[in-house]
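Enquirer: There's a structure below that I have some questions on.
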Amino acid sequence: MEQATLVRRGTEDLRLSEDELKLLAQIASGVTADVAARKLELSARTLRRRLRTICDRLDVNTPIEAVVWAARRQLI
C-alpha cells in the first residue's frame, strides 16, 4: 500500500494510505457515506469509523474538512 507523506504544523508527519485517499475522493465526489461504502466494499459503519480516524489524525472536525485538507494538497 502506497503512502502519501505530508508535513503539517511544523514537524508533525501525517500519512494517508491509498485506501484513505480513495475514501476521501469518494466523499469529495458528493456521494453519501452509504454509497461510498458500497463502492469501496466496506460496511457503512466501517467507513464512518475510518472517516473519524482520518479526521482525528488530520486534526479536523468533519469529513468535509478532511476532503478540503486533502484537496488543497492535491492528493485527491
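Only the coordinates and a few stated rules stand behind these numbers; no lab work does. Since we're looking at a predicted model, the values are computed, not measured. No Cβ is skipped: glycine too gets one built from the backbone with ideal geometry, and neighbour counts run over all protein chains shown.
Enquirer: Which FRET efficiency, nearest 0.05, do Arg73 and Thr32 yield, Cβ-Cβ r, R0 30 Å?
Expert: Computed FRET efficiency for Arg73 and Thr32: 0.75.
Enquirer: Applying the Karplus parametrisation 6.51 cos²θ - 1.76 cosθ + 1.60 with θ = phi - 60° to the phi angles of region 39-46, what ³J(HN,Hα) value in whole Hz is obtained for each residue in order, glycine and proline being reported as x?
Expert: With the stated coefficients, region 39-46 comes to 5, 8, 6, 10, 6, 4, 5, 4 Hz.
Enquirer: Still on this structure, I have one more. Calculate, in nm to one decimal, what Glu65 and Lys39 gain on full extension: separation in residues at 0.36 nm each, minus their alpha carbon distance.
Expert: 7.2 nm
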